[in-house]
Each structure stands twice: as C-alpha cells, then as structure tokens.
Amino acid sequence: MEIEMEELLEEVVPSEDLQRFERKYHRELETDGWIRTETKFEYAFCLVRSRYTNDVNRGLMLFENLAHEHPDGRRDYIYHLAFGNARLKNYTEGLKYCQAFLEVESNHQMNLLEAYMRKQSDREIVKAMALAGGTVLFMVLGILGMGLAMVRK
C-alpha cells in the first residue's frame with residue numbers, strides 16, 4: 001500500500017507531454033486571450049507530475065486558481081493539490097487538502113494518500129527530534145569536556 005503510493009508520487013510526466021500541454025496553454029493565451037478550463041487542468045496535471053520543484057509549484061498555483069474559479073471541478077483540483085503537496089513533501093499542507101476532500105467524500109486513493117502523508121510527516125518529526133537531541137547531547141558533552149579540561153589545569 002505505502003509502496004504503491006510512493007511509486008505513484010515518484011512517477012514523472014514525460015517531458016514531451018509537459019511541453020505539448022505548455023504549448024497548448026500558451027497558444028490559447030496568445031490567440032484567444034484566455035485559457036480553457038480543460039487546458040489549464042491538463043497543463044497543471046503535467047506540472048504537478050514534473051521532476052522539477054518549480055513546475056510542481058506552478059501546477060499547484062494553477063490548481064488553486066481552478067478551485068476558486070470553477071467550484072464544479074473542485075473535487076479533482078483538491079485531489080491534485082494534496083498530491084502535489086505530497087510530492088513536495090509539504091505534508092501539513094497536503095493533509096489539509098486530504099481532510100477537506102474526505103469531509104465531502106470517502107475515497108480509497110485519498111485515504112491511501114492521507115495515510116502515506118501522515119506516516120511521512122511522523123517520520124520527519126522523529127528525525128527532527130533525533131537531530132535536536134543529538135545536537136543537545138553534543139553540546140552537553142562539549143561543555144562537560146571543557147569543564148573537565150579546566151579542572152585539570
């Protein structure tokens with residue numbers, strides 16, 4: 001279960017697909033002066049699955065925009081906002097989107113994503129606590145060492 005979600009989060013969109021949807025997005029903007037909802041969604045979908053953090057962030061901004069402008073598709077946009085934040089390891093933000101989604105609708109994949117993010121978030125907390133504890137221990141030992149050296153003189 002966790003491995004499946006991890007594999008899904010690690011999948012990246014082929015660069016050809018990203019470029020194709022980026023061209024479509026910009027072509028609509030240049031020729032029509034506006035972008036169709038479907039085109040924004042396709043481009044954001046590819047961006048959120050890009051290997052580059054800046055692309056993922058741009059995709060998240062597009063999905064946030066879509067969620068505000070088109071409430072009828074909010075369910076899909078919220079899913080991708082949770083997914084993109086998980087890819088960036090923004091677990092706190094991603095979990096907010098998971099909870100918002102799950103308050104409205106039960107969904108197996110969203111439950112898996114939420115469980116994955118909770119587990120990863122807990123791991124990060126444990127790592128941070130271990131690092132902080134190690135730093136404190138190192139400082140205490142250093143102070144004790146300096147104290148012993150001063151006593152010996």
| query | What are the ³J(HN,Hα) values, in whole Hz, obtained from phi via the Karplus relation 6.51 cos²θ - 1.76 cosθ + 1.60 with θ = phi - 60°, for each residue of the range 85-90 in sequence order, with x given for Gly and Pro? | reply | 5, 5, 4, 7, 6, 8
| Considering the dipole of the range 1-50 built from charges on the beta carbon (Lys and Arg +1, Asp and Glu -1) around the Cα centre, which of SER15, ALA44, LEU29 is farthest to its positive end? | LEU29
| message | Need one number: nm distance between label points at ARG75 and ARG152, each 7 Å from Cα along Cα→Cβ, rounded to one decimal. | response | 7.2 nm
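Less than 15 Å Cβ to Cβ from THR37, Lys/Arg counted +1 and Asp/Glu -1: what total charge do the surrounding residues give? List each step's numbers first, then the result.
On the way: positive: LYS24, ARG36, LYS40, ARG74, ARG75; negative: GLU28, ASP32, GLU38, GLU42, GLU64, GLU69, ASP72, ASP76.
So the environment of THR37 carries a net charge of -3.
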| request: Output ³J(HN,Hα) for the range 30-44: one whole-Hz value per residue in order, computed from phi by the Karplus curve 6.51 cos²θ - 1.76 cosθ + 1.60 with θ = phi - 60°, and x for Gly and Pro. | output: 6, 7, 9, x, 8, 10, 5, 4, 4, 5, 4, 4, 4, 5, 4
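Excluding TYR52 itself, calculate the net charge of residues whose Cβ lies under 12 Å from the Cβ of TYR52, where each Lys or Arg counts +1 and each Asp or Glu counts -1. All intermediate terms of the calculation are to be shown ahead of the outcome.
Working: positive: ARG49, ARG51, ARG58, ARG87; negative: ASP55.
Net charge in that neighbourhood comes out at +3.
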| Amide H neighbours of ARG51 under 5 Å, counting only residues 5+ apart in sequence or on other chains, H built in-plane at 1.01 Å? | VAL13
| query | What is the packing order of peptides 75-87, 97-109, 42-54, 25-37, taking the mean over residues of other C-beta atoms within 10 Å and listing the highest first? | reply | 75-87, 42-54, 97-109, 25-37
| query | Counting Lys and Arg as +1 and Asp and Glu as -1, what is the net charge of the other residues whose Cβ lies under 13 Å from the Cβ of GLU11? | reply | -2
| task | For the range 64-103 and the range 7-59, compute the distance between their C-alpha centroids and round to whole Å. | result | 17 Å
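Bear in mind these aren't lab numbers, they're just calculated from the coordinates by the rules spelled out. For clarity, every value in this text was computed on a predicted model and none was experimentally measured. Backbone-built Cβ (ideal geometry, glycine too); neighbour counts: all protein chains shown.
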